[in-house]
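This report refers to the structure that appears directly beneath it.
The values are calculated or read from the model by the stated rules, or taken from the named source; none is laboratory data. Fair warning: this is a prediction, and the values are worked out from it, not measured in the lab. With ideal geometry, Cβ positions are generated from the backbone for all residues, glycine too; neighbour counts draw on all protein chains shown.
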Ligand code: PMT
């Protein structure tokens with residue numbers, strides 16, 4: 001049975017969107033609802049894992065029976081993940097992390113003045129890439145949200161970020177990506193495509209993905 005497939009395993013999941021503050025009342029974010037990552041956290045819990053969920057901005061109800069750490073920015077998420085990395089057996093990065101943040105965060109609400117204003121953005125650290133470069137025995141799963149050339153971009157991310165598995169969703173496809181209850185994903189390892197799944201609920205995707213993870217860590221993959 002699937003039930004105890006991850007028992008004794010510590011699974012770290014990131015979900016939701018990061019929030020990058022402009023001033024105390026304004027921010028940049030994205031359309032992530034948290035549904036995909038939350039479904040992974042719930043399913044891992046059901047498979048017997050001890051789950052920690054690092055959650056950004058999300059609209060989905062917080063899963064029960066998992067430890068939830070709420071964060072706002074990519075920086076906060078990076079810190080929360082790195083603090084728990086050594087202790088994790090599996091890390092799954094379903095969060096939509098902002099690639100850029102405002103160069104400055106105004107301490108007071110920015111006043112309306114000129115007709116135009118420019119917001120300067122600076123690059124955020126890449127959390128997944130950092131994990132990939134540091135990992136020892138952890139099994140690392142990345143996600144990729146793409147709008148074109150899925151196979152090519154997914155394999156490029158898998159290699160650059162040193163993931164054991166990468167889950168790509170074509171977010172232009174009906175029933176896939178941000179906000180939906182369903183997803184359509186293609187899962188890769190370093191040798192290429194492992195599984196191309198049809199449209200299914202995010203719970204269904206979570207189950208397929210975690211079955212693969214359990215099977216592979218059972219064979220001693222990771223490291
Ligand atoms: O939350 P939902 O509404 O259910 O939507 C699910 C989802 C579309 C958000 C999810 O399925 C998904 O694709 N998540 C990854 C979104 C994303 O940021 O993709 P990316 O291609 O920009 O990033 C690739 C990977 O690097 C991701 O694992 C991401 O977490 C990670 N990353 C990206 C940038 C950064 N600075 N640090 C990172 O760790």
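Sort through 140, 167, 205, 194 and tell me the only one that's in a helix (DSSP H, G or I), closer than 20 Å to residue 36 by Cβ and in contact with a strand residue (DSSP E or B) (Cβ under 8 Å, 6 or more places away or on another chain).
Working: 140 fails: in a helix (DSSP H, G or I); 167 fails: in a helix (DSSP H, G or I); 194 fails: in a helix (DSSP H, G or I).
Testing whether each residue is in a helix (DSSP H, G or I), closer than 20 Å to residue 36 by Cβ and in contact with a strand residue (DSSP E or B) (Cβ under 8 Å, 6 or more places away or on another chain) leaves just 205.
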Tabulated pairs, the range 196-209, first at pLDDT 95 or above, second more than 11 Å from the ligand (Cβ to nearest atom) and not in a helix (DSSP H, G or I), C-beta under 7 angstrom, 6+ apart or interchain: 196/186; 199/175; 205/197; 208/195; 208/197; 209/187
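When the residues of the range 135-153 are filtered to those that are free of Cβ contacts under 8 Å to residues at least 40 places away in the same chain and near the ligand (Cβ under 9 Å from one of its atoms), which remaining residue is surrounded by the fewest Cβ atoms within 10 Å (Cβ to Cβ)?
Taking the range 135-153 first, the residues free of Cβ contacts under 8 Å to residues at least 40 places away in the same chain are 144, 146-150, 152-153.
Those left that are additionally near the ligand (Cβ under 9 Å from one of its atoms): 144, 146, 153.
Numbers: 144: 24, 146: 18, 153: 16.
If we take residues in the range 135-153 being free of Cβ contacts under 8 Å to residues at least 40 places away in the same chain and near the ligand (Cβ under 9 Å from one of its atoms), then 153 is surrounded by the fewest Cβ atoms within 10 Å (Cβ to Cβ).
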Residue ranges of strands (runs of 3 or more DSSP E) in the range 46-118 with at least 1 members modelled with pLDDT of 95 or more and more than 19 Å from residue 36 (Cα to Cα): 100-102
Cβ-Cβ under 9 Å pairs, at least 6 apart or on other chains, the range 28-44 side farther than 21 Å from residue 90 by Cβ, far side away from the ligand (no atom under 12 Å from the Cβ) and modelled with pLDDT of 95 or more: 28/19; 28/21; 28/22; 28/102; 28/119; 28/121; 29/19
Top-ranked residue in the range 122-134 [being buried (at least 18 other Cβ atoms within 10 Å of the Cβ) and near the ligand (Cβ under 8 Å from one of its atoms); ranked as nearest to residue 40 (Cα to Cα)]: 128
Complete set of residues in the range 170-191 that are at pLDDT 95 or above, more than 8 Å from the ligand (Cβ to nearest atom) and not in a loop (DSSP other than H, G, I, E, B): 182, 186, 187, 188, 189
Members of the range 82-116 found to be within 29 Å of residue 170 (Cβ to Cβ) and in contact with a strand residue (DSSP E or B) (Cβ under 6 Å, 6 or more places away or on another chain), listed by number: 88, 90, 91, 92, 93, 94, 95, 96, 98, 100, 101
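Taking residue 55 as the residue in question, decide whether it is in contact (Cβ under 8 Å) with a residue 40 or more places away in the chain and crowded, with 19+ Cβ neighbours inside 10 Å. If you could, list the steps in order and put the result at the bottom.
Working: in contact (Cβ under 8 Å) with a residue 40 or more places away in the chain: yes; crowded, with 19+ Cβ neighbours inside 10 Å: yes.
Yes: the conditions hold for residue 55.
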Counted residues, the range 1-18 - those being surrounded by 19 or more Cβ atoms within 10 Å (Cβ to Cβ) and under 20 Å from the mean Cα position of the chain (by Cα): 10
